[in-house]
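Student: Here's a structure for you.
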Amino acid sequence: MSTAFDLHLPRHVRFGRDTAVEAVSTVFAHGRRALVVHGANAARAQWLVDGLTEMGTGCACLACPHEPDVGLIETGVALGRQADVDVVVGLGGGSVIDTAKAVAALIPAAGDVLDYLEVVGGGAALDATPLPFIALPTTAGTGTEATRNAVIDVPEARRKVSLRDPRLLPAVALVDPALTDHSPAAVTLASGLDAVTQVIEPYLSGQANRFTDALCRDAIPLGLTALRRLMAGEDPAARDDMAWVSLTGGLALANARLGAVHGLAGPLGGMTDLPHGAIAGALLPAALRANRAATHGATAARIRAVEGWIADALGCAADTAIDHLAQWSRTQGLPGLGSAGLARSDLPAIAAAAERSSSMKGNPVVLPAETLVAMMESAW
């Protein structure tokens, strides 16, 4: 655990049911010409567009029908510049929020999207202050409303990489669990497993600190229990808990990094159509096994604690908890990596790409390429 650390936090978070009613006034406080980024179904954002219009705020809209890629970001930047927007709003899941975040950052920038992307791009620092960005998440998974990066697919490189800058943190995050109510089971499962992974990996990270530990120790068992309840049936209180766990994961990863799951998820996401949360959920048990086998001392004790929390949430013995989590997830409908059209011959190249990812730097130990391949095979 790190005893010296910096904290990177959103400027303002409003959490709780019905906080979304503050969206119109919040946007109006930050600008007069808004770009609203929403999901594939524009009707779900109509209440916000109507409210902004009634307030006298000019409003352009961008649909985000899939995980953000370079082309979608370029379209959003061009639209925002043409409409001369001065504030960007993201109303949707993690893909929508990341899209809105990146567009807000790049509208004022001088370069192209690739100039600022890490790993496969130029990795340049942003050369202008991003526009104010308001986040309203409608899924409980990525926690991107509390992070300083946006994940973007680069199809030509078959990779997902980050645009990263401390100024990407939203001006305001309105986290209203009611916006996640009645999400489809597949979305709830994949996004929920991602949220749980994003509090487990920072807890095991070599860059964990007192702040992230305080968050993650509470959030890991809370998230596991809430997800089990939600897969049994709609439960508003469990939705509230998952929204909190998702926000916690964003705060934790922004301040302690992630690990092998997300190190592999970047290249895997660029080569498959599997949702990010499904990839994370499939890989989580494999990463826990690999890190358990490779660590000792304080880190091993933390993994034992995670096993205990899984056992308590799912009703199994601690020594079988990791295997039970994998089996439970599959029983609930989580797909394996083998359903994504990958060939096993692709796995060494994916492992090599993962070794260079920024997320892998947070893993508690360096896992060799052959271990990363074995992890993907076990999640097949």
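Student: Would you work out which of A254, A243, G223 lies farthest towards the positive end of the dipole of the range 219-266? Charges go on Cβ: Lys and Arg +1, Asp and Glu -1.
Tutor: Farthest towards the positive end: A254.
Student: How many angstrom separate the Cα center of the range 178-207 from the Cα center of the range 147-175?
Tutor: Rounded to whole Å, the Cα centres lie 17 Å apart.
Student: Tell me, how many Å apart are the Cα centres for the range 229-246 and for the range 295-369?
Tutor: 23
Student: Additional query: Considering only the other residues whose Cβ falls under 15 Å of the Cβ of Q327, what net charge follows from Lys and Arg at +1 and Asp and Glu at -1? Let's see the in-between values first.
Tutor: On the way: positive: R228, R289, R330; negative: E307, D319, D323.
Cβ neighbours under 15 Å give a net charge of 0.
Student: Could you work out [θ]222 nm for the chain from helices alone, using -39500 (n - 2.57) per DSSP H run of at least four and dividing by all its residues? Round to the nearest 500 deg cm²/dmol.
Tutor: Numbers: 14 runs with 191 residues, N = 380.
-16000 deg cm²/dmol, from helical runs alone.
Student: If you don't mind, another one. Grab the other residues whose beta carbon is less than 15 angstrom from that of L163, score K and R as +1, D and E as -1, and report the net.
Tutor: Working: positive: K101, R148, R159, K160, R164, R167; negative: E67, D69, E74, D98, D112, D115, E118, D127, D153, D165.
In short, -4.
Student: Another question about this same structure. Mind jotting down the distance between the C-alpha centroids of the range 40-62 and the range 103-146, whole Å?
Tutor: Cα centres, the range 103-146 to the range 40-62: 22 Å.
Student: Quick one: putting +1 on the C-beta of Lys and Arg, -1 on the C-beta of Asp and Glu, what dipole do you get for the range 125-261 around its Cα centre, in Debye to the nearest 20? Write down the numbers at each step before the final one.
Tutor: On the way: 12 positive and 15 negative charges, 87 e Å.
That gives the range 125-261 a dipole magnitude of about 420 debye.
Student: Please give the charge dipole size of the chain, origin at the Cα centre, charges +1 on K and R Cβ atoms and -1 on D and E Cβ atoms. Round to the nearest 20 debye.
Tutor: Values: 28 positive and 38 negative charges, 119 e Å.
So the magnitude is around 580 debye.
Student: Which of rounded, prolate or oblate describes the range 255-380 when judged by the alpha-carbon gyration tensor and an a/c cut-off of 1.5? All intermediate terms of the calculation are to be shown ahead of the outcome.
Tutor: Numbers: a/c = 1.93, a/b = 1.22, b/c = 1.58.
In terms of gyration-tensor shape, oblate.
Where a number appears in this text, it was derived from the coordinates with a stated rule and is not lab data. Here the structure is a predicted model, which is why all the values come from computation and not from measurement. Note that each Cβ is placed from the backbone with ideal geometry, even for glycine, and that neighbours are counted across all protein chains shown.
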